[in-house]
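Below is one structure, written out as structure tokens; the observations come after it.
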Amino acid sequence: MKALHHARSLFTGPGATARVIGAAFVVGTIAAQHPNPVFNRLQAKDTFSVLPNWRFFAPSPAMHDYHFLYRTLDEENATSPWRTLDVIAGRKMSQIFWFPDRRPEKAVFDVCGEVLQVMDRGGFEAGLQSPPYRLITSHLRHLLRAEGQESVKGFQFALARDAGYDTSVEPDMIFMSPYTPMNPEAAL
């Protein structure tokens, strides 16, 4: 009997309104995180976005990584072997708390996705004129100049997609650029 009285007093008496609202908020927040679309109805009714959605970090998690490969063309028209432009570093335990180096990796992922979206909508030529493509070529020019490769007159890059840490899946080559001059105003 005493337990029933205690349970009833949770919903009556001083502070009952705050407890009920708090409990509803906690239950609503937990339900809003559930991946099943049935629970999305709760967020649809949340006009003022009171319930947090912690899925914004990865609503659809990445299932693959992008890798840049590049090769150069020298003054004698000799092509170098393909080299990997490494932007994804190995993980450390401290990165659970602090990981500012993740930004370049995220940028690569976003730029690759943008180039591919532009090409899907407008074709190969549209992709070559897009800002993300120009960003990639500018970055590679800067990298090659920083390496001191004076005899390089142009470069080509490729974009590969793999399954991240799953090494059993072969990478897919999804894009290969035409040769690009080191001097943007020059033609190869």
**Fill in**
Considering residues that are exposed (fewer than 13 other Cβ atoms within 10 Å of the Cβ) and closer than 14 Å to Thr180 by Cβ, the number found within segment 144-167 is 1
**Request:** Those residues that are at pLDDT 80 or above and either part of a loop (DSSP other than H, G, I, E, B) or closer than 18 Å to Glu75 by Cβ (or both), I need them from segment 148-169; list them, please.
**Result:** Gly148, Ser151, Val152, Lys153, Gly154, Phe155, Gln156
**Item:** Criterion: aromatic (Phe, Trp, Tyr) and touching a helix residue (DSSP H, G or I) at 6+ places or on another chain (Cβ under 7 Å) - qualifying residue of Phe124, Phe157, Phe109
**Value:** Phe157
**Request:** Among the numbered conditions (1) assigned to a helix (DSSP H, G or I); (2) of a type outside the set (A, V, I, L, M); (3) touching a residue at least 40 places away in the same chain (Cβ under 8 Å), tell me where Arg145 comes up short.
**Result:** (3)
**Request:** Hey, can you tell me all the residues within segment 31-62 that are touching a Pro at 6+ places or on another chain (Cβ under 9 Å) and at pLDDT below 75?
**Result:** Asn53, Arg55
**Request:** Please work out if Arg141 is at pLDDT 80 or above and within 18 Å of Thr180 (Cβ to Cβ).
**Result:** yes
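The values are calculated or read from the model by the stated rules, or taken from the named source; none is laboratory data. These numbers were taken from a predicted model, which means no experiment stands behind them. Backbone-built Cβ (ideal geometry, glycine too); neighbour counts: all protein chains shown.
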